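Structure first, then comments.
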Amino acid sequence: MWRSTLRNQFLRQCFVNNINRKFLKSSVAAISQVQKIETEQVVKSGSTSPEPIQTSPYLSVVPKKTLNEQFLSFDDIPGPKSLRMISKFWGMIPVMGTELTVSIIQYFLSGGKFFGGVLSWGGNASFFKKFFDIYGPVVRLHGAFGSDVVLLKKPEDACAIFESEGKYPIRSCLDSIEKYRVECRKYTQPGPFLTHGSEWEKVRKSLEQPLQTTVAEQHGKIRKICESFVERITILRNKQEEMPPDFKVEICKWSLECLSAACLNKDLGFLNPHCLSPTSDSSKLLDGLLGATEAIRRCEYGFHLWKFVETPAWKVLVKNCDKIDTVLSKHVEEAITSLKYKQDKGGSLEKVSFLESLFLHDGIIKEDVMTILLDMYLIGANATAHTAAFLLYHLSRNPRCQIKIHEEVRKYPENIGRDDLKKMKYLQACIKESLRLDPPIPILSRVLSNDITIHHYRIPKGTHILFASHLNKMGNEYFEDSSWFKPERWFSDEHGGFGNEYQAFASMPFGYGPRACLAKDLAETEIGMLIFKVCRQFKIEYNYGDIKSSNELLASPTKSLKFRFVKRVL
């Protein structure tokens with residue numbers, strides 16, 4: 001028991017060092033690229049003077065460049081001294097480490113009182129909250145490998161970061177996925193979610209128009225899938241009209257079916273009333289997604305031993321990613337064949353599937369398309385399922401909101417159009433409010449591509465920034481009654497609504513700027529259509545303990561979603 005406790009403490013303490021190891025490889029390359037671009041700009045302009053430090057426009061007093069005393073140095077940023085000590089100690093340890101090293105670190109980290117109790121944290125939410133409660137809205141965590149992490153809480157600071165990040169924002173990456181794609185699959189780049197610089201820009205531009213077209217063209221299919229899900233709810237209900245404990249897997253199936261219709265233009269049968277065949281593509285894809293998601297969480301949390309040896313978590317990740325890759329590569333080959341046939345026959349290329357349209361862009365090759373699909377399935381499907389699950393939960397806990405949605409959806413026909421869905425003011429507000437309370441990706445990250453000043457602290461280029469957006473629901477500075485589910489707050493004409501100028505940065509479930517999620521419209525269409533169909537047919541109840549978000553990487557509900565769906569009498 002005590003060994004398990006020490007091991008868990010040790011894994012938690014590795015969090016900061018993991019962030020630095022995690023970012024190091026991609027960050028160095030990305031920052032070098034940014035520096036190269038900056039140098040070229042200086043040469044072109046004939047100037048040799050460095051660019052001025054970017055300053056947050058939201059400071060009460062803007063520091064002057066000529067008065068150095070108005071700037072506080074990077075070393076002045078508060079943070080736990082214990083991490084500085086551990087950082088210095090860890091820096092003397094070989095990268096591989098030894099069992100003895102682990103034991104020594106565990107011994108020191110078990111002294112909670114010695115370290116002031118700051119390092120005795122559990123989940124991400126309590127971890128960030130504890131540091132902010134002690135050190136304020138800007139916290140520095142010393143890293144062992146020469147690159148530190150700065151935690152930010154206030155939306156105005158996030159605003160300053162995002163608005164000064166330049167053409168090529170640098171985001172942290174999933175090292176485990178990057179290693180799998182580059183080393184195991186031999187891809188030249190790890191995918192749009194993980195890539196930086198001009199390669200990322202090329203892939204992103206190839207996605208913009210196809211995604212917009214897909215949402216419009218596949219709206220009817222998404223509507224039918226949501227109708228099938230309502231029928232599946234009817235089948236799954238027990239005698240008490242409750243869902244089974246694994247209902248979140250059913251929500252995941254719905255998300256995958258919608259995504260497959262949009263991306264592959266195919267019905268893979270995830271909602272088959274006779275259950276999935278174990279040998280079917282849909283079953284392999286579902287198993288691969290669930291297994292890979294859990295393996296990613298295990299690999300990205302704790303000490304990254306999988307970088308040096310094949311740990312059990314790494315083996316599970318490779319096995320399940322191979323499953324996903326095998327299924328999707330088959331559909332990619334079919335799209336290539338179909339597109340070639342249309343081109344050879346001189347057919348029209350105006351109406352092609354999302355998958356086929358990607359190959360019509362110059363410079364986009366098969367592996368680029370594969371990484372796009374893998375990102376959409378691994379990250380997009382999980383995020384959409386998480387959002388749908390928590391919106392159902394919040395509605396079950398707020399009958400008043402359900403009544404309002406039901407009154408709104410009854411005004412529209414069952415075969416609702418996409419434009420009609422956007423007109424549903426209250427439904428759209430409920431989606432925004434659920435995303436505010438339980439975002440699928442609770443932490444936003446950046447690597448600074450230039451120096452910046454936040455709260456008079458001068459933060460240098462290359463620093464890793466983590467913005468804890470999920471904590472803004474815990475205080476009332478930006479949202480009145482912030483812990484309550486109040487969709488009305490998103491109405492600009494009502495009290496307690498969108499009155500604070502930084503609320504746009506207090507809730508950023510789809511990110512911000514060039515790195516914002518391109519599939520936002522697709523996700524909101526899927527979720528909006530699902531709630532439209534469910535609330536027309538059922539009253540949603542939940543009779544058990546509170547459900548929380550794990551607030552981890554690829555967040556998920558912490559309890560079984562045993563909702564009760566009571567048939568409405570229309």
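Each value in this text was obtained by applying a stated rule to the coordinates, not by laboratory testing. Being a predicted model, the structure only gives us computed values, none of them experimental. Heads up, the Cβs are rebuilt from the backbone with ideal geometry, glycines too, and the neighbour counts pull from every protein chain shown.
For the listed residue pairs Lys422/Lys486; Lys205/Lys473; Lys266/Lys404, the alpha carbons are over 30 angstrom apart in Lys205/Lys473; Lys266/Lys404.
Computing FRET efficiency as 1/(1 + (r/R0)^6) for Arg298 and Asp267, where r is the C-beta to C-beta distance and R0 is 41 Å, gives about 0.80.
Partners of Lys315 within straight-line reach, counting lysines whose Cα lies under 26 Å from its Cα and excluding those fewer than 8 residues away in the same chain: Lys22, Lys25, Lys179, Lys186, Lys248, Lys253, Lys284, Lys307, Lys323, Lys330, Lys366.
Distances between placed amide hydrogens fall under 5 Å for Ala468 paired with Leu152, all partners being 5 or more residues away or on another chain. Under 5 Å from the amide H of Tyr457 lie the amide H atoms of Leu72, each residue being 5 or more positions distant or on a separate chain, with H modelled from the backbone and absent for Pro and chain starts.
Put a plus charge on the Cβ of each Lys and Arg, a minus charge on the Cβ of each Asp and Glu, and nothing anywhere else: the dipole of segment 199-272 about its Cα centre is then about 80 debye. Taking all Cα pairs closer than 8 Å and separated by 6 or more residues, the relative contact order of segment 120-266 comes to 12 percent. With θ taken as phi - 60° and the Karplus curve 6.51 cos²θ - 1.76 cosθ + 1.60 applied, the whole-hertz 3J(HN,Hα) list for segment 544-555 is 10, x, 4, 9, 10, 8, 5, 6, 9, 4, 6, 4 Hz, x standing for glycine and proline.
Extension gain, Glu480 to Lys520: 0.36 nm times the residue separation minus the Cα-Cα distance gives 11.8 nm. Cα centroid separation, segment 524-561 to segment 206-267: 14 Å. Look at the alpha carbon pairs under 8 Å that are at least 6 residues apart: their mean separation over the length of segment 515-570 gives a relative contact order of 35 percent.
Computed on segment 240-328, with alpha-carbon pairs under 8 angstrom and 6+ residues apart, the relative contact order is 23 percent. I'd like the distance separating the alpha-carbon centroids of segment 168-204 and segment 369-408, in whole Å. With segment 168-204 and segment 369-408 each reduced to a Cα centre, they are spaced 26 Å.
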